[in-house]
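The values are calculated or read from the model by the stated rules, or taken from the named source; none is laboratory data. Computed from a predicted model, the values in this text were never measured in an experiment. Note that we place each Cβ from the backbone using ideal geometry, even for glycine, and neighbour counts take in every protein chain shown.
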Amino acid sequence: MRFSEVVAGGACVPALEALRDVLAGAIEGTDSARDLAALSKQLVDVLTQIEAAGGAVKVDDPEESTFDELTKRRAARGASPSGAVPAGGR
């Protein structure tokens, strides 16, 4: 089902879950560090809203965050966020 169809259905949790999936796909597809930061913030907000609404937040491994999983996927495909500052500074 398309995102617009889910949202048009009017149910909050399914719409949030569809948005979660769209954001996850956008995160996987971006090479921009700025976009990654903004999309990640939005994803965390959506996950919080899903949980608050009583929806399920899919977590395969409670020790591994969604961000960790997405970072692994990006690394596996060889993507490097442009303009990213390495973890020790410049």
Checklist outcome for this item: Filtering region 40-90 for residues that are small (Gly, Ala, Ser), under 17 Å from Ala24 (Cα atoms) and at pLDDT 70 or above leaves a count of 3
Checklist outcome for this item: Selection over region 1-11 where residues are touching a helix residue (DSSP H, G or I) at 6+ places or on another chain (Cβ under 8 Å) and part of a helix (DSSP H, G or I) yields a count of 3
Checklist entry - What do you reckon, is Gly25 exposed (fewer than 14 other Cβ atoms within 10 Å of the Cβ) and part of a loop (DSSP other than H, G, I, E, B)? => result no
Checklist entry - Do any residues in region 29-55 that are surrounded by 12 or more Cβ atoms within 10 Å (Cβ to Cβ) have Cβ atoms under 8 Å from those of residues that are among the hydroxyl-bearing types (Ser, Thr, Tyr) and outside any helix (DSSP H, G or I), where the two are at least six apart or on different chains, and which pairs are they? => result Asp31/Ser80; Asp31/Ser82; Ser32/Ser82; Ala33/Ser82; Leu36/Thr30; Leu39/Thr30
Next on the checklist: Restricting to region 28-46, give me the number of residues that are farther than 16 Å from Asp68 by Cα, more than 11 Å from the chain's Cα centre (by Cα) and in a helix (DSSP H, G or I).
Outcome noted: 2
